[in-house]
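Trainee: Right, I'll just put the structure down here and ask away after.
Read the figures in this text as sums done on the coordinates, not as results from a lab. This structure is a prediction, so every number in the text was calculated from the model and none was measured. Glycine also receives a Cβ, built like all others from the backbone with ideal geometry; neighbour counts cover every protein chain displayed.
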């Protein structure tokens with residue numbers, strides 16, 4: 001065997017270099033044929049602890065089952081390489097497009113704010129509004145937004161609508177100087193952006209989209225609640241300008257009634273309303289009454305004309321309780337016990353202690369009865385009769401209005417031909433109303449007397465002072481009454497005014513501060529009855545008591 005010729009330079013080559021020169025070596029090359037990208041391209045980023053780990057998880061290379069074997073020095077197929085690269089680029093582009101379009105999909109999953117609003121807040125405000133009306137509506141809307149979760153704020157999305165004071169109270173920060181600013185619109189990162197930049201973009205994009213949704217929903221509710229107040233802000237296309245937020249809307253509406261004159265007028269009307277408040281003895285009466293008085297105190301605080309302390313509200317409450325019909329000695333006893341219980345107690349908790357004390361005492365009266373007065377069972381029946389008659393009065397108003405319209409229509413149709421109104425149709429409105437009134441009242445009183453009789457016979461009602469179980473049923477409306485009260489919903493009325501109108505009989509937009517002299521777009525159809533006297537015989541109106 002001959003020895004191969006070796007040059008001087010070859011002696012300095014390593015053994016591995018010498019073997020490569022003697023024989024070509026087969027090299028295995030695994031081409032990139034597919035790229036796996038998850039349905040959410042940032043799922044891996046959200047699970048990563050570090051940016052380096054995120055980059056490792058970002059793309060997974062999947063080799064073929066039968067890798068291609070290429071001999072060193074042999075050219076690769078350039079078409080296969082370019083096809084694989086183009087496929088990868090198309091996949092990434094499609095993923096980015098899908099990611100951008102996901103913003104619209106996320107928006108469609110957010111609910112409507114109407115599903116969380118009270119029915120009264122979903123209807124337009126009727127009549128004139130004041131600063132207290134707008135501020136209370138703002139609070140209720142903020143309460144709803146506070147339940148809409150935000151990534152960064154504990155008070156949800158209430159910062160979209162709250163004043164600084166309101167938002168500070170929500171988060172227990174009395175020294176707050178600014179509400180959180182809105183998240184700005186995010187720009188799409190470059191393709192060369194790091195995984196951390198993409199992650200931050202994804203979080204802020206969702207936050208911006210969610211805030212925009214609740215802002216648009218709130219603005220829609222404000223525009224629906226105060227349709228006339230915000231018309232001035234609309235442009236030539238009859239829409240609100242771009243960038244006009246819910247805060248801008250409610251601030252503008254409040255600014256229209258936030259002046260000295262408007263506040264004073266609202267304050268004066270509120271004084272009249274609180275003086276006319278009446279307490280009705282019933283199992284749920286104390287809670288309802290004190291809740292209404294607390295709301296009036298809140299209105300006084302918002303208007304901020306003069307200081308109206310809880311002590312004044314308490315005096316109004318005690319006066320209404322004394323005038324509810326209970327025994328005077330019992331009401332004085334309750335007042336005296338309260339004065340003793342309130343001695344040397346802090347002023348800032350006086351309302352809470354007052355309501356707890358009086359609710360307890362009044363509930364005892366409602367359940368056990370008071371000496372010289374009907375017991376709880378009879379009181380409940382009397383309350384039912386009052387409810388029936390209130391409903392009856394409302395029905396009579398509707399009948400009266402309808403009959404007047406029918407009478408006018410019949411008069412217009414009357415002709416000396418065969419087309420005249422049939423003779424069996426009575427076009428005399430006053431006769432129809434009177435007959436219906438008498439019939440309805442007779443039925444109500446009849447049912448009431450039957451129930452009283454059954455209770456007396458069964459021992460369900462005890463007499464006064466240990467008598468023989470016989471009571472005198474309260475006879476209703478045997479005397480002349482006067483239409484000296486006025487209600488926003490019902491107009492001139494015999495039994496109630498705007499402030500103490502039963503909630504279930506109120507029309508949408510009912511204003512408790514409305515009076516006959518300041519109706520605030522209330523019901524003025526019955527103003528001709530105001531201060532007239534009602535006959536106990538047929539409920540007809542007379543200028544003087546007794547009909548003289």
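Trainee: Any chance you could get the radius of gyration and Dmax over the Cα atoms of region 116-255, in Å?
Mentor: Reported Rg and Dmax, both Å: 17.0, 59.
Trainee: Right, another one. Sorting check: for 257-269, 343-355, which peptide has the highest mean count of neighbouring beta carbons within 10 Å, and how do the rest follow?
Mentor: In decreasing order of mean packing, 257-269, 343-355 become 257-269, 343-355.
Trainee: State the extension gain, in nm to one decimal, for the chain segment bounded by residue 356 and residue 301, taking 0.36 nm per residue of separation less the distance between their alpha-carbons.
Mentor: Here the answer is 17.6 nm.
Trainee: Could I ask something else about it? Obtain the nm distance between the two label points defined at residue 235 and residue 525 by a simple spin-label model: each point lies 7 Å from its Cα along the Cα-to-C-beta direction.
Mentor: Taking the simple label geometry, residue 235 and residue 525 are separated by 4.3 nm.
Trainee: Let me ask something additional. State the Kirkwood hydrodynamic radius of region 262-368 in Å, one decimal place, computed from all pairs of distinct Cα atoms.
Mentor: Kirkwood hydrodynamic radius for region 262-368: 14.6 Å.
Trainee: Using the per-residue mean of other Cβ atoms lying within 10 Å as a proxy for protection, in what order, highest first, do the peptides 165-171, 334-340 fall?
Mentor: Ranked from most to least packed, the peptides come out as 165-171, 334-340.
Trainee: So for the pair residue 345, residue 268, with labels modelled 7 Å out along Cα→Cβ, what separation do we get in nm?
Mentor: Modelled inter-label distance: 3.7 nm.
Trainee: Taking neighbour counts of Cβ atoms within 10 Å as a proxy for exposure, in what order, fewest first, do 527, 162, 307 appear?
Mentor: Arranged by neighbour count, lowest to highest, 527, 162, 307 become 307, 527, 162.
Trainee: Moving to a separate point now. Mind checking the alpha-carbon convex hull of region 477-548 and giving the volume per residue in Å³?
Mentor: Convex hull of Cα atoms, per residue: 87 Å³.
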